[in-house]
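Data first, discussion second: the structure below is written as structure tokens.
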Amino acid sequence: MPLPLLIIGVAVGGLLLHEDQKEYLKDQDENRHKIIDHHMGREPSEILPSKFQRKLQPGAIVCCEVFEAFIHTGIVVDDETIVELHGSGLIRAISKKRFLEERSGKHIFVACDQQGKTIQLPSAEQRAAEDIFTFHEYDLLQANCYFHTWRWLTGEYTPIDSFSTFNKQLSQLVNAAIYWDQVL
């Protein structure tokens, strides 16, 4: 008898956490234009995607969810093309549709500032474009998509082990809280 009660308790707890997360995300959207003291504006979320939608623009930073465990990043080089590091180590130029293929996410998110302006770094677009069709050793913690996206953004070779760290560094780079809005 105690096992069914435990299962019910875990299920109810999971639902409450899910609802708390949705409320947190709604609060981030509603308070977007207020002055914020921290660097995380609005995280990307498949649970409740941002209600704001943006077009892809060259030099923009994009991300999507991978198997509900990771956030994958890349750089936009034109209105329809994203440069990313594939798990094979190949730097490739792909469409928005292909960016989401074989991943759990249904949305692409783009980094924006508090006012909804897409964060763009033209030098990143150029660096990423020059890297297409090159191979790099892939390492989940050292030479991953965050490492290469950061390298395209700054020219620096800095290992980045998580999306959270990447987001904090991006926020510091542009001196603004980062809001991850949906791509149209």
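Listed by Cβ neighbour count within 10 Å, with the fewest neighbours leading, Leu85, Leu141 appear as Leu141, Leu85. Sorting Asp161, Asp181, Asp113 by the number of Cβ atoms found within 10 Å of their own Cβ, with the fewest placed first, yields Asp161, Asp113, Asp181.
Of the residues Thr81, Leu100, Trp180, the one whose Cα sits farthest towards the positive end of the charge dipole of the stretch 31-183 is Trp180 (charges of +1 on Lys and Arg Cβ, -1 on Asp and Glu Cβ, taken about the Cα centre). The packing ranking, built from the mean of other Cβ atoms within 10 Å per residue, places the peptides 163-170, 126-133 in the order 163-170, 126-133, highest first. Using the Cβ-Cβ distance between Lys55 and Phe133 with R0 = 41 Å, the FRET efficiency computed as 1/(1 + (r/R0)^6) comes to roughly 0.95. Calculated FRET efficiency, Ser88 to Ser162, Cβ-Cβ distance, R0 = 30 Å: about 0.90 to the nearest 0.05.
Inter-label distance, Ser104 to Phe67: 1.0 nm, where each label sits 7 Å from its Cα along the C-beta direction.
Among Ile82, Ile75, a tally of other beta-carbon atoms within 10 Å of each Cβ gives an order, fewest to most, of Ile82, Ile75. Need the full-extension length gain, Gln172 to Leu141, defined as separation in residues times 0.36 nm minus the C-alpha distance. One decimal, nm. Here the segment from Gln172 to Leu141 would lengthen by 9.1 nm.
We did not get these values from a lab; they are worked out from the coordinates using the rules stated. Here the structure is a predicted model, which is why all the values come from computation and not from measurement. No Cβ is skipped: glycine too gets one built from the backbone with ideal geometry, and neighbour counts run over all protein chains shown.
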